[in-house]
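Below is one structure, written out as structure tokens, with a few remarks after it.
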Amino acid sequence: MNTSASPIERNLNHLIDIANQFKTQGKITNIQEFGSGNINRTFLVTLDDSEEKRYILQRINTEVFRQPELIMQNMVTFSNHVRYRLKDLPLDSGRRWEVPGILLTQKKQNYWIDENGSFWRAIAFIDAAQTFDTIQNSKHAYEIGYALGMFHNLISDLPPDKLADTLPGFHITPKYLQQYNQVVSNTSLNHSPLVKYCLQFIKERQKWAHILENAVNKGDLHLRPIHGDPKVNNVMIDTRTNLGVSIIDLDTVKPGLIHYDIGDCLRSGCNSFGEETQEWEKVTFDTNICRSILDGYFSIASSFLGENDYKYMYDSIRLIAFELGLRFFTDYLAGNIYFKIKYSEHNLTRALVQFKLTQSIESQENAIRTIIQEMG
């Protein structure tokens, strides 16, 4: 190692060494941080090859994903199934659907563990496509819904037991409540007005937060393969046609309730301020965007939805917004150990955004239920 190199140069050289473990066609010309994810470290690698120009290099957060090998196992299972389904699924004229390819290492493995024990993977870059942090217009909203419907449709016949549970407890709201209560009981709380607001907000909704898990226990809902994190900026839009082309970030593909996905998609899409805004008091749930997203979703998903799926759809929209706020607030109280932050109150502000969104959803319950009924 060149000890005279600066920390930035040493870090770049280390990244190049990691990237070179994966088989590619060209020489690396640039590596830069990419995306806005809260969990993993993501880099865009640029090559000098005329055909294979870029790919994604990621370091998986093993504090969150304790068995990262299972992520790659699921990605292989998912990718193989979807590619097989796409052979017999005619797409509308002008549409394409991409499955992110997995790059193998020089030793033909789908991941690399470096000398520090860090877990790395490389994924093909989807060209001529982009993502957005917020909904741009009603057409974009429709495509967000269509993409989620396409995703669910393609894996609707994949037995959920074929997928490992990469993140046990993910989207199980009662478990997040249990963690929250443990943190509250073991933490010296800062009783600022905003913290008091969050404490009271959660207290008023604790009993209701079991609704989807109760539905599973009653047999009203059942586990299916899900994406787990289908927020707006995980849906790729074709730059030429403005049509949905893929859903990326497949770490949380696992058995679950499709209601987790529907709720998360609408939570993410119907807040025009985005989840990172500091203007949390202005946050509202836009029912017009909700209608467009569900229009796109139902256009392809109605074939595999049952009566109970519609019955619990409003509850999922309300619950997932509340759940994310609960997770942000719990992490804030615990000392910001899960989500990456940019300032000390970041997770508190994120929690307030989601609680304000939950409140807006609750105030428009009748309108949202009517949209679901009409669109479904």
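Coordinate-derived values only; no laboratory data. The structure presented is a predicted model; accordingly, all values stated were derived computationally and were not measured. Backbone-built Cβ (ideal geometry, glycine too); neighbour counts: all protein chains shown.
Some points to look at:
- Tensor-based shape of the range 42-186 (alpha-carbon gyration tensor, a/c under 1.5 rounded, otherwise prolate or oblate): oblate
- In order along the range 334-342, the phi-based Karplus estimate (6.51 cos²θ - 1.76 cosθ + 1.60, θ = phi - 60°) of 3J(HN,Hα) comes to 7, x, 6, 9, 10, 8, 5, 10, 10 Hz; Gly and Pro are listed as x.
- A Gaussian network model of the chain, with springs between Cα atoms under 10 Å, assigns the largest mean-square fluctuation among 143, 52, 213 to 52.
- Separation of the range 103-146 and the range 250-286, taken as the distance between their Cα centroids, equals 19 angstrom.
- Measuring r between the beta carbons of residue 373 and residue 76 and using R0 = 30 Å, the FRET efficiency lands at 0.15.
- Max mean-square fluctuation residue, GNM over the chain, Cα-Cα springs under 10 Å, options 246, 156, 292: 156
- By the equivalent-ellipsoid construction on the alpha carbon gyration tensor, the chain comes out with semi-axes of 33, 27, 19 Å, ordered largest to smallest.
- Sorting the segments 175-182, 64-71 by their mean number of nearby beta carbons within 10 angstrom, highest to lowest, gives 64-71, 175-182.
- Taking 12 Å as the straight-line reach from the Cα of residue 207, none of the aspartates and glutamates fall in range once those fewer than 8 positions away in the same chain are excluded.
- Computed extension gain for residue 307 through residue 340, at 0.36 nm per residue and net of the alpha carbon distance, reaches 8.0 nm.
- Candidates 140, 259, 210: whichever shows maximal mean-square fluctuation once the chain is modelled as a Gaussian network with Cα springs under 10 Å: 210
- Among 344-353, 19-28, the peptide with the highest mean count of other Cβ atoms within 10 Å heads the list, and the full ranking is 344-353, 19-28.
- All lysines inside 21 Å of residue 254 as judged from Cα atoms, apart from same-chain residues fewer than 8 positions distant: 162, 175, 231
- Cross-link partners of residue 356 among lysines (Cα-Cα below 16 Å; sequence separation of 8 or more within a chain): 196, 203, 282
- Of 212, 47, the sequence from fewest to most neighbouring Cβ atoms within 10 angstrom is 47, 212.
- The count of lysine pairs in the range 7-125 that are at least 8 places apart or cross chains, and whose C-alpha atoms lie under 23 Å apart, stands at 8.
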